[in-house]
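None of the figures in this text is laboratory data; all of them are computed from the coordinates on show. Treat the numbers as computed from the prediction; the structure is a model and nothing was measured. So basically every Cβ, Gly included, is an ideal-geometry build from the backbone, and we count neighbours across all protein chains shown.
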Amino acid sequence: MDPILISLIGLALAIGVPILSAAITIIICGTALAGVGTEKPELLSRLIITVVLGEALAIYGLLIAFMLLGKLPDITTMDAANMALISGIIISVATVSAGAGISYSGSSLIAATAENPETFSSNVIGVVLSEALAIYGLLIAFMVIGQI
Amino acid sequence: MEEMRKLKVMVYEDYIDAVIQSLGHAGIVQLIDMREIPEDWEGVLVPYTASTEAIAKCSDLLSKIETAFESLHIQPNDFPSPEIPITNEPIEKVLAGVEQKLAELPIEEIKIYALASRIDHIIDDLGIKPEEVEKEYALTQSEEKELEHIEFELIELDKTIESSGLANHQILVERIESKHLDDYDEIGIKFAELAKFVIKSQRYFGKRLVSLKKTVEEIEGTIETEINFEEVRDNLLTLWKIVEEEKRIAEEEDKFVRSAKTVFFEAWVPESRDKEAVERIMKASDGNAIIADKPPTPDEKVPIITHECPSYLQAFGKLECAYGYPSSGDIDPIRVFAITFPILFGIMFADVAQGAIFVIAGIIFTLLRRNGKTTKGGDIIRYLLISGEMLIYIGISAIFFGFIFGEFFGPSGVIHPIFLFRIGPFQIGGFEPTQEPMMMLKFAILVGAIHISLGLILKFINELRHKHYKLSPIPICCIWLLFGGLFMWAYWGGISNISKWFAEGSLMFVGLVVLPLLVILVVTGLAEGFMEGIGFTVEVFAETLSHSMSYSRLMALGLVHSAMNYLFLVLGGVEHGVFPLQSIPLIAIGTILVMIIEGLVVFVHTLRLHWVEWFSKFHSGEGIPFKPFKST
């Protein structure tokens with residue numbers, strides 16, 4: 001296969017899948033947030049963290065896609081093309097996992113905080129730890145691109 | 001921070017209201033809800049139910065007073081709150097007095113006066129001349145209902161006039177200016193119709209209003225006594241305040257428990273006001289009280305006295321409190337937080353130009369807020385106004401790191417990275433993050449290690465303040481482990497050279513990584529037991545690793561910021577620091593987009609680094625603010 005085509009598949013994965021997971025995360029957390037917002041609007045400023053962390057997943061994808069785009073002219077061998085593809089897969093899987101984590105713990109966090117606002121500081125851990133998963137993926141994807 | 005003391009008080013039941021009123025006037029104690037700690041009294045005492053009856057009575061009276069307000073068209077909150085007399089009487093007696101006074105107030109008569117003034121107001125508004133109205137109109141319902149109907153119909157009339165299209169002045173002018181003869185006809189007809197309609201309705205309402213006025217005046221004539229509306233209103237307001245106050249006291253008393261003849265309660269009091277509180281209780285109860293005054297036990301959750309944040313730290317105070325108040329005896333980290341927050345934000349949002357925009361926006365918001373415009377505008381405007389000073393700090397930080405990483409609206413080439421200094425493999429400044437991401441990663445981890453160790457130092461101080469001397473070496477060992485690991489990584493290399501850590505570097509590994517973990521194991525084992533020690537040591541190891549890794553987001557988000565700006569630079573055709581004229585709108589759009597989206601993401605990540613990685617080291621967030629019970 002053509003190295004450029006393989007790298008482009010990696011690039012498409014790197015931008016497409018994170019955006020999809022960000023969208024799903026925002027759909028789940030955003031709707032929960034809207035529900036709570038009508039009852040307790042004073043909590044919105046704190047709980048918006050779930051939606052923003054979901055949005056950040058798309059930005060990680062964007063970063064990797066952007067770096068791959070910059071590397072495209074250097075990709076001439078199959079090895080380099082494989083690395084581009086793999087980095088796309090890494091960030092895809094990482095953001096999907098992080099997205100799943102944020103969606104589930106985020107919507108529960110929103111419901112729990114609405115019930116008892118004091119639990120926010122301990123429950124938010126679930127969301128931020130899920131989000132850290134994406135950072136790990138990002139780091140490794142980043143290092144793989146560095147090898148091209 | 002001021003120490004708190006706990007009062008345990010037993011008062012003879014006849015004096016309990018006087019005691020609570022006296023304490024309420026001073027506003028120095030926070031009463032503890034005994035219902036939440038049944039283990040302290042259950043089996044010996046029973047809940048104090050007298051207050052529940054008083055609360056019901058208060059609610060009943062309040063609803064009566066509020067109905068009176070409503071029928072007299074008074075908004076109680078529009079008036080200054082009246083002075084209420086200080087009394088030491090029991091709640092039941094005060095409420096009985098209020099009930100009697102309420103019955104004596106000439107509310108029905110006042111209602112008629114209010115009705116008359118409303119009718120006069122409408123007659124004036126419509127320009128009706130009562131002497132010109134001829135026909136009589138028979139009232140079919142009560143005067144008040146009739147007036148309500150008239151008011152409702154008038155609103156409908158306003159709507160009809162509006163929907164005729166003539167009320168909109170601008171449309172009328174536009175149509176006249178367009179000079180179509182047909183339009184003139186149409187407008188003329190509409191005017192004529194409307195005039196007819198208005199005159200007709202004026203007659204119709206005139207008839208009704210005048211008859212109504214007459215009836216009301218007749219009733220007015222039957223009232224013999226002179227009534228002063230303002231006096232009645234003030235009396236009503238005073239009664240309202242008294243009942244509200246009694247209700248608050250009854251709600252506080254609902255927290256108490258009792259024996260057959262005594263009432264028992266517990267309260268927190270600041271050490272400096274301790275004597276005053278005891279004296280007040282003894283005086284109000286005529287000596288019929290037993291008071292135990294003790295310092296809190298170590299495992300008790302003691303409320304903390306929160307101080308108002310200075311206005312330049314207000315935004316940080318809100319962010320810290322959103323996580324939780326510091327526990328009693330802990331350091332309040334707000335000043336350190338106000339320094340580290342802008343630094344971390346600035347690293348991720350490094351840009352000279354955008355930082356300057358932040359500073360300008362911050363100055364504008366601060367000035368607006370200081371001119372007292374906080375209350376206007378929606379939620380977002382209010383947040384921006386509060387965060388005025390914070391925007392200035394993060395803007396300055398962004399400008400500083402913008403110079404270090406050479407960013408001016410992204411890596412445009414206007415500014416070249418400024419090299420500051422080098423610590424081993426860690427270079428501070430002098431490189432472009434997008435060109436040398438690994439250098440940026442090292443920088444981010446170094447910043448993370450310094451930030452975490454700052455948190456650990458604060459934890460060390462907290463342990464000393466709480467006199468937990470046995471556990472105090474743990475934060476020091478964590479710093480040892482953190483910088484030991486960092487040194488190993490810098491000296492031998494990362495994952496690809498991990499085999500060297502265990503071969504040539506094995507001695508160093510034992511000294512820098514294994515030894516601090518062993519010390520932690522021994523210290524925790526001695527203090528809390530061996531199994532806890534193992535669990536805690538594993539936790540420390542995993543936490544140190546994952547928390548330092550987490551700071552790599554400084555690099556990731558810094559690069560994202562740079563890359564997003566770069567995108568617009570490429571689109572605008574900016575090269576070697578030259579901004580062509582046509583690139584300016586694109587750069588402007590890009591800047592707005594980046595500042596809003598990226599700004600929000602970076603802000604949340606900075607917050608997250610503080611809340612999760614930093615606060616978890618030393619700031620439990622479990623403190624309860626001291627809210628003394630205060631009556632007006």
P(r) of the protein assembly as shown over all Cα-Cα pairs, binned every 10 Å from zero, in whole percent: 2, 10, 15, 17, 15, 13, 12, 9, 5, 2, 0, 0
Rounded to 10°, Cα long-axis angle of helix A:3-39 versus longest principal axis of chain A: 0
Nearest 10 degrees, 0 to 90: helix B:552-572 Cα axis against chain B principal axis: 70
Degrees, to the nearest 10: B:229-253 long Cα axis against longest axis of chain B: 40
Rg to Rh, two decimals, where the range B:557-597 supplies the alpha carbon set and Rh follows Kirkwood: 0.97
Within 10 Å of each Cβ in B:613-620, the average number of Cβ atoms from other chains: 1
Kirkwood Rh and Cα Rg combined as Rg over Rh, evaluated for the range B:572-632: 1.40
Cross-link partners of B:Lys111 among aspartates and glutamates (Cα-Cα below 12 Å; sequence separation of 8 or more within a chain): B:Glu70, B:Glu143, B:Glu144, B:Glu220
Gyration tensor verdict on chain B (Cα atoms; rounded if a/c is under 1.5, prolate if a/b is larger than b/c, oblate otherwise): oblate
Dipole magnitude of the range B:1-123, debye to nearest 20 (Cβ charges: Lys/Arg +1, Asp/Glu -1, about Cα centre): 180
Ordering of B:45-55, B:192-202, A:85-95 by packing [mean C-beta count within 10 Å, highest first]: A:85-95, B:45-55, B:192-202
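Taking the Cα centre of chain B as origin, sum charge times position over the Cβ atoms of Lys and Arg (+1) and Asp and Glu (-1), and report the length of that vector in debye to the nearest 20.
Its charge dipole is roughly 3340 debye.
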Likely footprinting exposure, B:Arg203, B:Arg369, B:Arg608, fewest C-beta neighbours within 10 Å first: B:Arg203, B:Arg369, B:Arg608
Cα lying deepest toward the dipole's positive end in the range B:302-455, options B:Ile394, B:Phe349, B:Leu384, charges on Cβ: B:Leu384
For chain B: relative contact order, % (alpha-carbon pairs under 8 angstrom, 6 or more apart): 21
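Percent relative contact order of chain A, based on C-alpha pairs within less than 8 angstrom and at least six residues apart?
Once normalised by length, the contact order is 36 percent.
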Inverse mean reciprocal Cα-Cα distance (Kirkwood Rh) of the range A:1-45, Å: 12.9
Calculated [θ] (222 nm, deg cm²/dmol) that DSSP helices of n ≥ 4 give over chain B, each run adding -39,500 (n - 2.57): -20000 deg cm²/dmol
Projected-area mean, the range B:351-436, by convex hull of Cα positions, square nanometres: 6.7
Shielding by partners, peptide B:438-446 (average Cβ within 10 angstrom, other chains): 1
Pair B:His468, B:Ser71: separation of 7 Å Cα→Cβ label points (nm): 6.3
Most to least packed among B:11-24, B:480-493 [average Cβ atoms within 10 Å]: B:11-24, B:480-493
The range B:219-286: trypsin sites (Lys or Arg not before Pro) in DSSP coil with no more than 15 other Cβ atoms inside 10 Å: B:Lys261
Estimated inter-spin distance, B:Lys214 and B:Glu539, nm [label 7 Å along Cα→Cβ]: 8.7
Exposure proxy order (Cβ contacts within 10 Å, fewest to most) of B:His468, B:His121, B:His610: B:His121, B:His468, B:His610
Test item: A:112-119 mean partner chain Cβ contacts at 10 Å: 1
Filtered GluC sites (Glu not before Pro), the range B:247-304: DSSP coil and at most 12 other beta carbons within 10 Å: B:Glu300
Exposure proxy ranking, count of Cβ atoms within 10 Å, fewest first, for B:Met390, B:Met564, A:Met1, A:Met83: A:Met1, B:Met564, A:Met83, B:Met390
Charged-residue dipole, Cβ positions (Lys, Arg, Asp, Glu), the range B:219-355 about Cα centre, Debye nearest 20: 700
Shape call, the range B:234-363: gyration tensor on alpha carbons, a/c limit 1.5: prolate
Charge dipole of the protein assembly as shown about the Cα centre (unit charges at C-beta), most positive-ward option of B:Val29, B:Trp501, B:Pro82: B:Trp501
Cα-based shape type of chain A, given that a ≥ b ≥ c are square roots of the gyration tensor eigenvalues and the cut on a/c is 1.5: prolate
